[in-house]
Amino acid sequence: MNTSDEAPGTRAEFHRQYQAQALAEAQRLLAQREVMAGGWLSWVAAQLYQLSPPPYAAMVRRELQRLAQG
């Protein structure tokens, strides 16, 4: 079996498994923006840095960007 054939399925499964959790985390982070005002950007960067695994942190970051633009 070719590992390159497995990777997309693995990523897709990871995405399906953690999508709702990533969205909830992004909403939680965004909800603090008004409360923290000027300190929010540094705080949210630290929060994202602490998330793991890295693909999950990237999902949260993408959801956060999407929500902030909407």
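Restricting to segment 8-38, name every residue that is farther than 20 Å from Gly70 by Cα and either at pLDDT 95 or above or under 11 Å from the mean Cα position of the chain (by Cα) (or both).
His15, Tyr18
Go through (1) crowded, with 16+ Cβ neighbours inside 10 Å; (2) modelled with pLDDT under 95 and name the single condition Val44 misses.
All conditions are met except number (2).
Right, Tyr56: at negative phi, in contact with a helix residue (DSSP H, G or I) (Cβ under 8 Å, 6 or more places away or on another chain), at pLDDT 95 or above and surrounded by 12 or more Cβ atoms within 10 Å (Cβ to Cβ) or not?
yes
The values are calculated or read from the model by the stated rules, or taken from the named source; none is laboratory data. Note that the structure is a prediction, hence the values are computed from the model and not measured. We place every Cβ from the backbone using ideal geometry, glycine too, and count neighbours over all the protein chains shown.
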